[in-house]
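Okay, structure first, notes after.
The values are calculated or read from the model by the stated rules, or taken from the named source; none is laboratory data. Being a predicted model, the structure only gives us computed values, none of them experimental. All Cβ positions, glycine included, derive from the backbone under ideal geometry; neighbour counts span all protein chains shown. With ligands, DNA and RNA removed, areas are computed over all heavy atoms of the protein, side chains included. Shrake-Rupley method; radii C 1.70, N 1.55, O 1.52, S 1.80 Å.
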Amino acid sequence: IGVQVLAVESQGRVRQGESLRLAGYEFVFRGASTQILESDHQAVTAVVEIRRQGQQPSVTVYPRIDYFTGEPAQTTFGRSASLAGDTFVSLADWLPATAESAVLRVYFSPLVTWAWMGLLLIMAGGMYQLARWPKTHLPSLRLSAERREGEINGQQPEAED
């Protein structure tokens, strides 16, 4: 829930070399290319650099949108992950991208990596407890079984130490 509440997004039309800014990140549009893959399938792939507060090196992502005749467009995000959060870039499907300009949708979702790390920590703790379970529970279960067996045979249970 916290990841969704803290997520921010923006959208805008950018020309080649222009950028969008969001949450301390700069998304620079470097161009797009169109490929005709089949008679009913066309793909547009953009090249977007993601910089954190103008720092180098930048990360390059390749968001893509596939157009099919008679079907809705399918969008593939460009994604970059860091401890600060995940950034996502997609092309808007309502206005086609060209080599000179495109409409970019950019998202920043903080704490995603930390949520995954928390999940891994919970799983490690669970596996540790499962590994310890026979050592901590089997002696008491064995003693309880011996008591029940003794009561059934009419013997008095032995006193515990």
When restricted to Trp116, Trp133, Trp94, the only residue open to solvent by 80 Å² or more (accessible area, probe 1.4 Å), within 14 Å of the chain's Cα centre (by Cα) and modelled with pLDDT under 90 is Trp116
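Inside segment 14-32, can you point out the residues that are over 19 Å from Ser109 (Cβ atoms) and either of a type in the set (Lys, Arg) or modelled with pLDDT under 90 (or both)?
From segment 14-32, those over 19 Å from Ser109 (Cβ atoms) are 14-19, 28-32; that's our starting set.
Selection gives Arg15, Arg30.
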Residue pairs within 9 Å by beta carbon, gap of at least six or interchain, first lying in segment 88-110 and of a type in the set (Ser, Thr, Tyr), second open to solvent by less than 10 Å² (accessible area, probe 1.4 Å) and not in a strand (DSSP E or B), listed first then second, are Ser90/Pro63
- Please tell me if Glu26 is open to solvent by 30 Å² or more (accessible area, probe 1.4 Å) and not hydroxyl-bearing (Ser, Thr, Tyr). no
By residue number, the members of segment 51-67 that are aliphatic (A, V, I, L, M) and open to solvent by 60 Å² or more (accessible area, probe 1.4 Å) are Val59
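Before we move on, is Thr76 of a type outside the set (A, V, I, L, M, F, W, C), within 28 Å of Leu6 (Cα to Cα) and modelled with pLDDT of 90 or more? Before the answer, list the steps.
Details: of a type outside the set (A, V, I, L, M, F, W, C): yes; within 28 Å of Leu6 (Cα to Cα): yes; modelled with pLDDT of 90 or more: yes.
So Thr76 passes the test.
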Within segment 1-23, residues polar (S, T, N, Q), open to solvent by 50 Å² or more (accessible area, probe 1.4 Å) and more than 15 Å from Ala84 (Cα to Cα) come out as Gln11, Gln16
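Any residue at all in segment 32-43 that is closer than 22 Å to Ala115 by Cα, surrounded by 13 or more Cβ atoms within 10 Å (Cβ to Cβ) and not polar (S, T, N, Q)?
Within segment 32-43, none of the residues are closer than 22 Å to Ala115 by Cα, surrounded by 13 or more Cβ atoms within 10 Å (Cβ to Cβ) and not polar (S, T, N, Q).
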